[in-house]
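*Asks:* Below is one structure. I have some questions about it.
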Amino acid sequence: MNATPYLVASFFPLLGGAVALAAVAPHSTAADPSGHFGKLPAAKARFVYVGTYTFPGTAPGGTHQSQAKGIYVFRMNPSDGGLSLLQIAEIPNPSYLALDPTLRHLYSVNEMPAGAVSAYVINQANGMLTPLNTLVPTNGQDTTHLSVQPSGHYLFAASYTSGNFQVFPILADGSIGTMTDNFQSVGNGTGPNPARQEGPHAHQILTDLDGDHVFGVDLGADKVNVWNLDSGTGRLIANTVPLAPIASGSGPRHMAFHPDRQHAYVLSELASSVTVFDYDPVRAAFIWQQTISTLPPDFSGTNTTAEIRIHPNGRFLYNTNRGHNSVTIFEIEPETGELEVIGWESTRGEWPRGMNLDPSGSFLYAANQNTDNIAVFRIDPVSGKLQLSSLVNTPTPVDVEFGPVA
């Protein structure tokens, strides 16, 4: 859920820095013929699922009425990352998607004033979706994010406008059971951006990589809530260290854990920054290491960040910038986990909201909400840099998730 972009010039002072803007590669829809990107890991054909904001609405931050109808199911071409449409599963505003660990079930939010979540079974042969139970109420407004516990036993959801986080059991057939918890986050309403921080705004809920702890990112309250899950009752229990504070006015949106399980990265939407923490996986405690801008130092426009992802090899971190319309490419220092900017790559479109990497780490997909396309980039596994491989036209793309091998 998003509103008016925040003025970059009004940020609080950031710690850390950025290097000069890297040259943007020329527009090309062909794979790099020179081979200078090195030997890439082998990508596999997969079924790919794209969440959208649907007709007749206009997406938050949107410029025109959406023509999307629901969840778009594609088959990925492993040679260039291109996508071929297979199915449209019609459902209102499935703006964020998640799959269970077996890749047999897909879940979506339904980002509406009366928020909901929906469940589907995935046909393993053709990738197509069949509804299990849909529009299950979250008792929250504008449910904007969801994730599946690594065990596959629970579904978590975050409802932006009402600022609450939900827990649902996942039943044996993959359907969504009766809600077991609904945690109301608390914001003090004193954030420096009153249009976005007048109260709590739940933007993401996820576990660490082992599923031992649960985290709720609250944009309105500048914090990450930290819980333990009672696996028997499905209740969220406040952790001994109950939260990780983020600098006032930052507006944390999404976070990601490094594969080494020792570092966590919080992307702040309003400040266009990434905060690096040392992470103690036993205590679920965060220790600040670095805060670094996602923007070139000479950028003076308006920008909000959207998505953050870490390459499977653990060497690179990427985020999307809406306004600058780019992906920031960071290198991760192996020992400290700190970030250094490698450069920026244009997303060849406007308002890149969702972004994801295929499981092999070969391709990065940037979903340009306001220009109705997804830019597919080949990733150099040595340098982390991006080379445009293909452009996929599809209405109001928001989130990109990867399913079974096709």
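*Asks:* Please work out how much length the chain gains when fully extended from A45 to E335, using 0.36 nm per residue of separation minus the C-alpha to C-alpha distance, in nm with one decimal.
*Replies:* Gain on stretching A45 to E335: 101.0 nm.
*Asks:* What FRET efficiency comes out for N393 versus V282 if R0 is 45 angstrom and r is the Cβ-Cβ distance? Round to the nearest 0.05.
*Replies:* 0.45
*Asks:* Let me ask another. Which one, L270, G140, A375, is farthest towards the positive end of the dipole of the chain when Lys and Arg carry +1 and Asp and Glu -1 on their Cβ?
*Replies:* A375
*Asks:* Could you give the distance between the Cα centres of segment 216-278 and segment 39-75, to the whole Å?
*Replies:* Each part reduced to its Cα centre gives a spacing of 26 Å.
*Asks:* Using Cα pairs closer than 8 Å and at least 6 residues apart in sequence, work out the relative contact order for segment 199-238, in percent.
*Replies:* Normalised by residue count, the contact order of segment 199-238 is 30 percent.
*Asks:* In nm, what is the difference between 0.36 nm times the number of residues separating H153 and A114 and their Cα-Cα distance?
*Replies:* Length gained, H153 through A114: 11.6 nm.
*Asks:* Among A306, T102, S250, whose Cα lies farthest out toward the positive end of the dipole of the chain, if unit charges sit on the beta carbon of Lys, Arg (+1) and Asp, Glu (-1)?
*Replies:* Result: T102, furthest along the dipole toward the positive end.
*Asks:* Given charges of +1 on the Cβ of Lys and Arg and -1 on the Cβ of Asp and Glu, with all other atoms neutral, how large is the dipole of segment 265-334 about its Cα centre, in debye to the nearest 20?
*Replies:* 140
*Asks:* When the accessible area of the chain is split by element with a 1.4 Å probe, what percent falls to carbon and sulfur?
*Replies:* Using a 1.4 Å probe with all protein chains present, the chain comes out at 56 percent carbon and sulfur.
*Asks:* How long is the gain from Q124 to D173 if the chain were fully straight, where each residue apart is worth 0.36 nm and the alpha carbon distance is subtracted?
*Replies:* Contour length minus the Cα-Cα distance gives 16.1 nm.
*Asks:* For the chain, give the magnitude of the charge dipole about the Cα centre (Cβ charges: +1 Lys/Arg, -1 Asp/Glu; no others), in debye to the nearest 20.
*Replies:* 640
*Asks:* Accessible area, 1.4 Å probe, largest first: how do E350, E401 sort? It would help to have the intermediate numbers written out before the result.
*Replies:* Numbers: E350 90, E401 25 Å².
The ordering from most to least exposed comes out as E350, E401.
*Asks:* Follow-up. Per residue, how big is the convex hull of the chain when only Cα atoms are used? Give it in Å³.
*Replies:* Expressed per residue, the convex hull around the Cα atoms of the chain is 120 Å³.
*Asks:* Considering only DSSP beta bridges where both residues belong to the chain, give the percentage that are antiparallel (nearest 5).
*Replies:* So the antiparallel bridges amount to about 100 percent of the total.
*Asks:* So what is the relative contact order for the chain, in percent, with contacts set as C-alpha pairs under 8 Å and at least six apart?
*Replies:* Averaging sequence separation for qualifying contacts and normalising by length gives 17 percent for the chain.
*Asks:* Using 1/(1 + (r/R0)^6) with R0 = 60 angstrom and r between the beta carbons of L209 and Q65, what's the FRET efficiency to the nearest 0.05? Before the final figure, lay out each step's value.
*Replies:* Details: r = 39 Å, r/R0 = 0.66.
After rounding to 0.05, the efficiency reads 0.95.
*Asks:* Here's a follow-up. Can you give the net charge of the other residues whose Cβ lies under 9 Å from the Cβ of P78, counting K and R as +1 and D and E as -1?
*Replies:* Net charge around P78: 0.
*Asks:* Of F168, Y365, S390, which is farthest towards the positive pole of the chain's charge dipole, taken about the Cα centre with +1 and -1 on the beta-carbons of Lys, Arg and Asp, Glu respectively?
*Replies:* S390
*Asks:* Percent relative contact order of segment 233-377, based on C-alpha pairs within less than 8 angstrom and at least six residues apart?
*Replies:* Values: 341 pairs, mean separation 21.4, N = 145.
Rounded, it is 15 percent for segment 233-377.
*Asks:* Just the number please: accessible area per residue for the chain, 1.4 Å probe, all protein chains included, in Å².
*Replies:* Roughly 36 Å² per residue, with all protein chains present.
The values are calculated or read from the model by the stated rules, or taken from the named source; none is laboratory data. Being a predicted model, the structure only gives us computed values, none of them experimental. With ideal geometry, Cβ positions are generated from the backbone for all residues, glycine too; neighbour counts draw on all protein chains shown. Remember, those area values only see protein heavy atoms, side chains included, never the ligands or the DNA or RNA. Shrake-Rupley method; radii C 1.70, N 1.55, O 1.52, S 1.80 Å.
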